[in-house]
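Please treat every number below as a calculation from the coordinates, not as lab data. Because the structure is a prediction, the values reported are computed rather than measured. FYI the Cβ positions are ideal-geometry reconstructions off the backbone, even for glycines, and counts take in every protein chain you see.
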Amino acid sequence: TSLPALLAAMPKAELHIHIEGSLEPELIFQLAQRNGVAIPYASVEELRKAYAFTNLQSFLDIYYAGASVLLKEQDFYDMAWAYLRKAAADNVIRTEIFFDPQTHTARGVSMETVVNGLHRACVDAKTMGVDAELILCFLRHLSEEDAFLTLEQALPLRDKFIGVGLDSSELGHPPEKFARVFAKCRALGLHLVAHAGEEGPPAYVWAALDVLKVERIDHGVQSVKDPALMQRLAQDRIPLTVCPLSNLKLCVFPKLADHNIRQLLDAGLVATVNSDDPAYFGGYMNDNFLQTFAATGLAKEHAYRLAANSFEGSFAEAGAKRRYL
Ligand code: ES4
Ligand code: ZN
């Protein structure tokens, strides 16, 4: 079989997807109308034209504006269900979905509304052969105190998410800022991940590992600047959830051909390919695989390695992980 056919057909796990980043312009307009929310764009086309980013912050501003149409439990269900159908079509059989509750609770939407809507879609995804779980992310541009309040609001729904993460504006908000709340989450038995080394320096990846004690690093592509860090990531088999089209659209690399995914794999790291915010960055899982392989010249052996890494890096229970591998 051809390489593109193999990439599309191979079973894979997605470990880095923000559900609010799967909200397509068409659904933004549909929900705006349904909920009577005003948005400062006249049409789907006009909104899509605004998706020209220069860095992480220029994206986040429009991403948070897009999420403002989400009000009811059914809105969160519809958003997650649309993503899960695309995941199933891309042969994603396991997905660990980030959500940003503070983006919604700050607008008066309750934690229950958010989590129940998303979780019901995850349960229903089993009928499509997709094993889906949720990871609650704290917004790092807000305070640690706000993160503690968010955790408190989420604890009655503890059985509906498997872990916590850290996302939003990286520069100026190092992992250390969240040391206490991550320690509490660790004591609660939650899985721990954090965005680090997307735009930020290797020091942020070190801090995510040694201060927050995360099990995976989201992005982590800046780690290649620090040989000692590369050795640590390889030795401890710390997965990096890399998002090539995201890195391209946020100008982390000037061209997809310049992406360092091959360097990460060749160094023996547990690197994976993921979509991040597919509605904003121009593609879901298979788009990321196909475009990255075409641009960087990766081959079949890399495809098998990336699929195996995705299951190794997942938080699926040990028995399911063995079956996937
Ligand atoms: C994000 Cl690409 C990226 N980086 C950091 N935080 C995020 N939230 C949604 N997408
Ligand atoms: Zn991300």
Self-check item: Long-range HN-HN contacts of Ile97 with modeled amide H, under 5 Å
Solution: Glu133, Leu134, Ile135
Quiz item: Most mobile of Leu155, Leu118, Leu134 per a Gaussian network model of the chain (Cα springs, under 10 Å)?
Solution: Leu155
Self-check item: Per principal axis, descending, Cα span of the stretch 1-122 in whole Å
Solution: 49, 33, 25
Practice problem: Using only C-alpha positions, report the orientation-averaged shadow area of the convex hull of the stretch 41-98, nm², one decimal. | Solution: 5.4
Quiz prompt | Alpha carbon centroid spacing (whole Å) that separates the stretch 104-158 from the stretch 194-257 | solution = 24
Self-check item: the stretch 3-313 - Debye-derived log10 I(q)/I(0), Cα point model, q = 0.06, 0.07, 0.12 Å⁻¹
Solution: -0.18, -0.24, -0.75
Quiz item: Within the stretch 3-313, how many lysine pairs that are 8 or more places apart, or on different chains, have C-alpha atoms less than 14 Å apart?
Solution: 5
Quiz item: Between Arg216 and residues 5 or more places away or on another chain, which pairs have amide H atoms under 5 Å apart, with H built 1.01 Å from N, and which residues are they?
Solution: Ala194
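Hey, could you get me the Stokes-Einstein D for the stretch 182-325, Kirkwood radius over alpha-carbon pairs, 4 °C and 1.567 mPa s, rounded to whole µm² s⁻¹? It would help to have the intermediate numbers written out before the result.
Values: Rh = 15.5 Å.
Once the numbers are plugged in, D ends up at 83 µm²/s.
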Quiz item: Among Ser310, Ala50, Leu248, whose Cα lies farthest out toward the positive end of the dipole of the stretch 3-313, if unit charges sit on the beta carbon of Lys, Arg (+1) and Asp, Glu (-1)?
Solution: Ser310
